[in-house]
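Trainee: Below you'll find the structure I mean.
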């Protein structure tokens, strides 16, 4: 707790940077949100993405991305939304298939073709934001009910901290932001609150146990008593996430990167945000009053 202002300063700087990046640089929205065409194809041999990209660049279809998934022969092709409705989307797909037939040897198997319109993308954004807000509200309500309202405020501050900084990370790195990114954000805040609840439970017990100990010492004691559990949990989770990052392929690359970064930020916020905030919320007096009432 002697370093709490250092922690607050670092967090404030990261939040301010994120809030500057989000409206200026923005997020690299994937086709899930921006709309477009997704084609999954299997080639008879390992895909030469460079040659395939050169083949499609001459079609002038706008933004096009290619990536392997599953195996070297499997390719996911993403094409930006085409003006002109459903007919234009179908025409773009036919042009892609014809270009590959002319320049890529062997029979290509087209396994799936999906169209995502701009209106669907807007609806997915709205539902993604709504899911985040519902998660925040439910977590805060649970912590408030399980402990006291001060813990709920501390938990909400930590979750907002984690979500904003992770969004800033997406903006800074240019990682594609899609539906799996929403799943990563929800997973990160659930991981963070799980760590905070373990620490909160120890803080509550120590407040009742050490009635004359200063609040900062109680927080330090509680954090030290749970620190080995925190470090073991974050280490094993990071190792699992690192495996996804190294071997999961391009399809879940943004998810894995967000998880790896978010777990570190979530662990940091549990120690340097959610716990120190309790000092300024008059928690000790209310907890001792509740304990006295429960013993009568």
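We did not get these values from a lab; they are worked out from the coordinates using the rules stated. Model, not experiment: these values are computed from the prediction. Note that we place each Cβ from the backbone using ideal geometry, even for glycine, and neighbour counts take in every protein chain shown.
Trainee: What's the extension gain from residue 12 to residue 220 if we count 0.36 nm per residue and subtract their Cα-Cα distance? Kindly include the intermediate steps, with their values, before the conclusion.
Mentor: On the way: separation 208, 0.36 × 208 = 74.88 nm, distance 2.19 nm.
Taking 0.36 nm per residue and subtracting the Cα distance, the gain is 72.7 nm.
Trainee: Bins of 5 Å, beginning at zero and ending with the bin holding the largest distance: percent of Cα pairs per bin for the range 1-149, please.
Mentor: Values per bin, smallest distances first: 2, 8, 13, 14, 13, 11, 9, 8, 7, 6, 5, 3, 1, 0.
Trainee: Calculate the spin-label point distance for residue 134 paired with residue 107, positioning each point 7 Å from the Cα along the beta-carbon direction, and give it in nanometres.
Mentor: Distance between label points: 4.6 nm.
Trainee: Using helices alone, what [θ] at 222 nm do you get for the chain, with -39,500 (n - 2.57) per DSSP H run of 4 or more residues, divided over all residues and rounded to the nearest 500?
Mentor: -23500 deg cm²/dmol
Trainee: Quote the relative contact order of the range 1-125 in percent (integer), defining contacts as alpha-carbon pairs under 8 Å separated by 6+ residues. Provide the component values of the computation, followed by the final result.
Mentor: On the way: 162 pairs, mean separation 45.4, N = 125.
Rounded, it is 36 percent for the range 1-125.
Trainee: Counting only Cα, what are the radius of gyration and maximum Cα-Cα distance Dmax of the range 36-116, in Å?
Mentor: Final numbers for Rg and Dmax: 11.8, 35 Å.
Trainee: Would you please calculate the Kirkwood hydrodynamic radius of the range 81-142 over all C-alpha pairs and express it in Å, rounded to one decimal?
Mentor: Kirkwood hydrodynamic radius for the range 81-142: 15.1 Å.
Trainee: Which residue fluctuates the most in the chain, going by a Gaussian network model with Cα springs under 10 Å, if the choices are 111, 229, 146?
Mentor: Result for the chain, Cα springs under 10 Å: 111 fluctuates most.
Trainee: Could I get the Rg over Rh figure for the range 149-217? Both from C-alpha atoms, Rh via Kirkwood, rounded to two places.
Mentor: Computed over Cα atoms, the ratio is 1.16.
Trainee: Given an 8 Å cut-off on Cα distances and at least 6 residues of separation, report the relative contact order of the chain as a percent.
Mentor: Once divided by the residue count of the chain, the mean separation gives 24 percent.
Trainee: Follow-up question, since we're still on this one. Rounded to the nearest 0.05, what FRET efficiency is calculated for residue 253 and residue 126 with R0 set to 25 Å and r the Cβ-Cβ distance?
Mentor: 0.45
Trainee: Set the Förster distance to 25 Å, then compute FRET efficiency between residue 243 and residue 49 from the Cβ-Cβ distance, nearest 0.05.
Mentor: The calculated FRET efficiency here is 0.60.
Trainee: I'd like the FRET efficiency for residue 264 and residue 57, computed as 1/(1 + (r/R0)^6) with the beta carbon distance as r and R0 of 51 Å, rounded to 0.05.
Mentor: Working: r = 38 Å, r/R0 = 0.74.
FRET efficiency, residue 264 to residue 57: 0.85.
Trainee: Roughly speaking, what % of Cα-Cα pairs in the chain are separated by over 25 Å, rounded to a whole number?
Mentor: Summing the P(r) tail past 25 Å for the chain gives 58 percent.
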